[in-house]
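Any read-out appearing in this document is the output of simple, stated calculations on the displayed coordinates, not a laboratory observation. Keep in mind the model is a prediction, meaning the values are calculated, not measured. Ideal geometry is used to build each Cβ from the backbone, glycine not excepted, and the neighbour counts take in all protein chains shown.
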Amino acid sequence: MRSLSRTERKTRLSNSNLLFMIAGIIFILMYGFALISYPGSFMQFQTFFDLFNYNAALFIVTLGLCVVMIGGGIDISVGAVCGLVTMACAMLLQSGTGSVFEALLLALGIGLAFGIMHGFLIAYLDIQPFIITLAGMFLAQGLLTTLHKEPLNVTMREFVALRNYTIEIPWLGTVNRLGVFIPCEIKPGVIVVVVLVILYAILMKWSRFGRNVYAVGGNRQSARMLGINVKRTIFLSYVLCGLTAGISGFVFLMTTGAGNIGNGSLFEMKAIASNVMGGILLNGGVGNLLGAPIGTMTLLTINELIRAAGVQSNLQAIVSGLLLYLFIVLQSIVISLRGSGKFSFALPPWLKRT
Amino acid sequence: MPRLKTQVNRSSHLFLPLSVLAILIIINLIKGADYFKITIVNGAFYGNIPNILFGASELVILSIGMTLVTAASRGQDISIGESGAISSAIFVQYVLRSGNVTLGTILVGFLISCVAGMIIGAFNGTLVSFFNVQPMVATLILFLGGRSIAFIIDGKVSPILANEISNRIGTVIPGVPIHTPIILTAVFIAVVAVVLKTTNLRLYVEAVGINPNAARLNGINPKKVIFLTFLIMGICAAVAGFIAVNKAGRHDSVNLLKFIMMDAILAVALGGNSLAGGKFSITGSVIGAYTIEVLNRTLLRLEVNPEAIKVFKAVFIIVLMIIAAPEVRVFAKRVLDKVKRPSRTTPYARQVD
């Protein structure tokens, strides 16, 4: 009995959880380092909340991409779809014909349309995901520039009210020099992020769909042998990703309040980087969904740290690239050390258990 | 069923890029019959075909490297534009600092930039082969930081490469009617063809791409092969950067070869190669690269609204990929067989019964 429980415990710590733990530890170390080196700014809770306030859209995009990446695919259109949604919603709101709710529906519709297109072509017609989502990216970017080229600021009253709406946390905050207590503020977008993280975590951990995604990402062939509908699972994962990209576009608009061509640009790369930092591998089948927000937070903390250090803007990109390099190497070393007892040649994670 | 699939795939290996090219040329001919017209201006050929060959030269070179990387490592290098920018920045700095520019200076600068490209390739290759990182993630690092490195090497915004030899490399050598980038591309393709014919590179790359573990058991070191493909990719990026910077006459670290990796990956896919590694066809990729250039120029020629060009490109890619999709092909084949067969095969079937 004891040995049984021991083996069970051994198998429990899968590569997903190991990578997730590494991601968590790295984030804590990073934030701890930030606290020690720049206590003035990072000690304030508001700094922490601002990571979410200003980057809510990136968090959401990362979540959607995470599901696809666990399923062994990739979606590089998310940033462009996010940008397209901001512009489309801004135009709808600015034209005066639509309400905020209709704009939300439009955002969801655009996201869903892209998701269904990608999902159908990739899952049922068996086309390479990179190319299809690349085409989706071109399509979204092209539609964005065709819709409107100049930045479009939304001045609709209800929307501005929504944009400026903040939730104050009365028991958290800082006292400024005059002795006035300033409570911490969070934006509605943060609530969306938290709700989505919880929803997606439950979905990936306990629902049948989530487990199917892990199985399909790990090994498509054996998933089919197990009787999983592989095509439908892949299809649904892309639909979910597209839908999330739509939501993120709306949240982006709620944060900045303007439609712009540059909105959401390079989000796909940032989201991939965040997911990798969060321990989600591009091979598929490995990763904990909670790693996605943790990875994003790590990435944002690094950026904030570099900004706080006042490094020249060109060095910023290099430093963040170097840190990404260190994380990737660290992850790879930990994984290979773990597998070195069994295999001298590194195999994909799903083969390591045989 | 699987046999049918492989048969279809084997026959369609060059069918896709060539048919697309043919369709595009037909569209162009419908638009105006003078499409193939070539005129001689200042002793050099001008016209649609030379323009396409001229414009696609970097893309062709990059797509050759991308084909090898894709085939061996089952992933894509997304930092090729950045490595081209870095290596050409080094080239420009060498030429600008050497004072008197001779052909030797350019050649040495070119070799130095090739070494720089190889170092970048080695950096990516180490991550992919020895640390076992997925290629896209490994090259994401340079994608994010590469242009800043190029800018720091430049030291200022876009240094200008104003000398006679660079100008000739970028445009035309007097007395030779063909643009120099076209010649360089042809030479590069020839070198690659010779290397693939005379060495075992193709066999090794395909073996590693199909099954790295089986390749290892057969005595091929997959890590070394993958590393080698990234080194070649680095050289390709350096050559492409060299051509691009000489064409432009100045080194713009922000916009040089920007987002060209998307086109290069597209060229690989258009050439009938699988993005999941394995067998590859350089010819297909080269034709694919030229097809992309033809597509871009066709959209311009059809006077499509510049804002909407990307939409048309996207629709074109999607339609193309649907036509080329194995599922659709198998389905089409089955339908065709059903149309053809009834008269022929039913008597046979009865006889067998």
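Numbers at a glance
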{"read-out": "Approximate spin-label separation residue B:167-residue A:95, in nm, with each point projected 7 Å along Cα-to-Cβ", "value": "5.3"}
{"read-out": "Dimensionless Rg ratio for chain A, taking C-alpha atoms and the 2.2 N^0.38 Å reference", "value": "1.04"}
{"read-out": "FRET efficiency for residue A:149 and residue B:217, using Cβ-Cβ distance with R0 set to 45 Å, rounded to 0.05", "value": "0.20"}
{"read-out": "Rg/Rh ratio calculated on Cα atoms of segment B:199-351 (Kirkwood radius)", "value": "1.12"}
{"read-out": "Amide N of segment B:245-282 lying under 18 Å from the label point, which is placed 7 angstrom from the Cα of residue B:49 along Cα→Cβ", "value": "none"}
{"read-out": "Among B:286, B:245, B:191: highest mean-square fluctuation, GNM of chain B, C-alpha pairs under 10 Å", "value": "B:191"}
{"read-out": "Cα shape, segment A:1-151, gyration tensor, a/c 1.5 rule", "value": "oblate"}
{"read-out": "q = 0.07, 0.11, 0.13 Å⁻¹: log10 I(q)/I(0) that the Debye formula gives for chain B, counting C-alpha atoms only", "value": "-0.34, -0.79, -1.06"}
{"read-out": "Pairwise FRET efficiency - residue A:222 versus residue A:194, Cβ, R0 = 25 Å, nearest 0.05", "value": "0.10"}
{"read-out": "Largest-first principal axis extents of the Cα set of segment B:59-150 (Å)", "value": "45, 25, 22"}
{"read-out": "Computed lengthening from residue A:25 to residue A:313, 0.36 nm per intervening residue step minus Cα-Cα distance", "value": "100.9 nm"}
{"read-out": "Nitroxide proxy distance, nm - points 7 Å out along Cα→Cβ at residue B:335 and residue B:198", "value": "5.0"}
{"read-out": "FRET efficiency estimate (nearest 0.05) - Cβ-Cβ, residue B:19 to residue A:112, R0 35 angstrom", "value": "0.55"}
{"read-out": "Neighbour net charge for residue B:298 - beta-carbon separation under 13 angstrom, K R +1, D E -1", "value": "+2"}
{"read-out": "Kirkwood Rh and Cα Rg combined as Rg over Rh, evaluated for segment A:159-271", "value": "1.15"}
{"read-out": "Label-point gap, in nm, between residue A:232 and residue A:182 - each point 7 angstrom along Cα→Cβ", "value": "5.3"}
{"read-out": "3J(HN,Hα) from dihedral phi, segment A:277-284, Karplus parametrisation 6.51/-1.76/1.60, rounded to Hz, x for glycine, proline", "value": "5, x, x, 9, 8, 6, 5, x"}
{"read-out": "Dipole moment magnitude, nearest 20 debye, segment B:2-303 about Cα centre, only Lys, Arg, Asp, Glu C-beta charged", "value": "620"}
{"read-out": "Calculated [θ] (222 nm, deg cm²/dmol) that DSSP helices of n ≥ 4 give over chain B, each run adding -39,500 (n - 2.57)", "value": "-23500 deg cm²/dmol"}
{"read-out": "Residue with peak Gaussian network fluctuation, chain A [Cα springs, cutoff 10 Å], from A:21, A:225, A:269", "value": "A:225"}
{"read-out": "Debye equation applied to the C-alpha atoms of segment B:74-128, log10 I(q)/I(0) at 0.17, 0.28 Å⁻¹", "value": "-0.56, -1.04"}
{"read-out": "Relative contact order %, segment B:2-303, counting alpha carbon pairs below 8 Å whose residues are six or more apart", "value": "35"}
{"read-out": "The protein assembly as shown: mean projected area of Cα convex hull, nm²", "value": "40.4"}
{"read-out": "GNM result for chain A, Cα springs below 10 Å: residue of A:129, A:293, A:183 fluctuating most strongly", "value": "A:183"}
{"read-out": "Length-normalised contact order of chain A in % [C-alpha pairs under 8 Å, at least 6 apart]", "value": "32"}
